[in-house]
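Visitor: Have a look at the structure that comes next, please.
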Amino acid sequence: MRQYLIDEISFLERDNLDSYLKRTLKPGGLEGVFFLTIPPDLLGAEQLGHEDCGPFYGTVLLEPTSIRFEFLIRSASNMHCSCIAQATPAQRQFILDFADRMLAEEMIRA
């Protein structure tokens with residue numbers, strides 16, 4: 001799977017990231033899993049044609065010493081559909097911008 005990984009985060013940095021993610025993203029069903037909703041203006045052609053599959057999101061996984069941003073854009077309502085795909089360049093940039101903003105705001109140096 002394509003993803004952006006930030007590793008070697010300290011215990012305190014992990015706590016800061018956990019707090020930030022809980023304040024800004026939709027929590028997933030498991031501890032440490034969060035959903036970064038992709039804005040409608042960044043959806044791909046097939047995703048736009050599948051309104052009933054939305055919203056679409058990228059998954060953020062906070063682990064004990066790392067955080068991962070997955071570049072697979074998933075559907076909130078359908079696990080098996082052709083609209084689930086790798087991030088477009090614009091979606092990928094959106095995810096990377098979110099990660100950069102989060103690290104800057106939380107002063108993470110990992």
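Visitor: Using Cα-only point scatterers and the Debye equation, what is log10 of I(q)/I(0) for segment 1-102 at each q in 0.12, 0.16 Å⁻¹, rounded to two decimals?
Guide: -0.38, -0.66
Visitor: If you average the alpha carbon positions of segment 89-103 and of segment 1-76, how far apart do those two centres end up, in angstrom?
Guide: 10 Å
Visitor: Okay, helix-only estimate at 222 nm for the chain: each DSSP H run of n ≥ 4 adds -39500 (n - 2.57), divide by all residues, round to 500 deg cm²/dmol; what do you get?
Guide: Numbers: 3 runs with 35 residues, N = 110.
About -10000 deg cm²/dmol.
Visitor: Work out the length of the dipole vector of segment 3-105 about its Cα centre, built from +1 on the beta-carbon of each Lys and Arg and -1 on the beta-carbon of each Asp and Glu, and round it to the nearest 20 debye.
Guide: Working: 8 positive and 15 negative charges, 29 e Å.
Taking the Cα centre of segment 3-105 as origin, the dipole is about 140 debye.
Visitor: What is the chain's relative contact order, in percent, from Cα pairs under 8 angstrom and six or more apart in sequence? Don't skip to the answer; put the middle values down first.
Guide: Numbers: 169 pairs, mean separation 34.6, N = 110.
Relative contact order, the chain: 31 percent.
Visitor: Sticking with this structure for a sec: Hey, can you grab everything whose amide H is under 5 Å from the amide H of PHE71? Only 5+ residues off in sequence or another chain; H modelled, so Pro and N-termini drop out.
Guide: For PHE71, whose amide H was placed from the backbone, the distant partners under 5 Å are ARG2, GLN3, TYR4.
Visitor: From the phi of every residue in segment 96-102, what ³J(HN,Hα) in whole Hz does the Karplus formula 6.51 cos²θ - 1.76 cosθ + 1.60 yield, where θ is phi - 60° and glycine or proline is x?
Guide: Using θ = phi - 60°, the values come out as 5, 4, 4, 4, 4, 5, 4 Hz.
Visitor: Could I ask something else about it? May I ask you to list the trypsin sites (Lys or Arg not before Pro) in segment 1-42 that are in a DSSP loop and have at most 14 other Cβ atoms within 10 Å of their Cβ? Could the numbers behind the result be given before it?
Guide: Working: sites: ARG2, ARG14, LYS22, ARG23; in loops: ARG2.
Here the trypsin sites (Lys or Arg not before Pro) that fit, given the DSSP loop and packing criteria, are ARG2.
Visitor: Once the Cα atoms of helix 11-24 and of the chain are each reduced to a long axis, what angle between those two axes, in degrees from 0 to 90 to the nearest 10, is obtained?
Guide: 40 degrees
Visitor: Kindly put TYR20, TYR57 in sequence by how many other C-beta atoms sit within 10 Å of each C-beta, fewest to most. Could you put the intermediate results ahead of the total?
Guide: Details: TYR20 18, TYR57 21.
Lowest to highest Cβ neighbour count: TYR20, TYR57.
Visitor: Between LEU48, LEU36, LEU72, which gets the highest mean-square fluctuation from a Gaussian network model of the chain, Cα cutoff 10 Å?
Guide: LEU48
Visitor: Still on this model: Under the Karplus relation 6.51 cos²θ - 1.76 cosθ + 1.60, θ = phi - 60°, what is the ordered set of whole-Hz ³J(HN,Hα) values for segment 25-31, x standing for Gly and Pro?
Guide: In residue order, the calculated couplings are 10, 6, x, x, x, 10, 4 Hz.
Visitor: Assuming 0.36 nm per residue, please report the length gained on full extension of the stretch LEU48 to SER66 beyond their Cα-Cα distance. Let's see the in-between values first.
Guide: Working: separation 18, 0.36 × 18 = 6.48 nm, distance 3.25 nm.
Additional length available on full extension: 3.2 nm.
Visitor: Multiplying the sequence separation of MET79 and THR37 by 0.36 nm and subtracting their Cα-Cα distance, what value in nm do you get? Don't skip to the end; give the middle numbers.
Guide: Details: separation 42, 0.36 × 42 = 15.12 nm, distance 1.59 nm.
Gain in length upon complete extension: 13.5 nm.
Visitor: Using the beta-carbon distance between ARG109 and GLN86 and R0 = 22 Å, what value does 1/(1 + (r/R0)^6) give for FRET efficiency, to the nearest 0.05? Could you put the intermediate results ahead of the total?
Guide: Values: r = 30 Å, r/R0 = 1.35.
Plugging the Cβ-Cβ distance into 1/(1 + (r/R0)^6) gives 0.15.
We did not get these values from a lab; they are worked out from the coordinates using the rules stated. These numbers come from a predicted model, not from an experiment. Every residue, glycine as well, gets a Cβ built from its backbone with ideal geometry; the counts of neighbours run over all protein chains shown.
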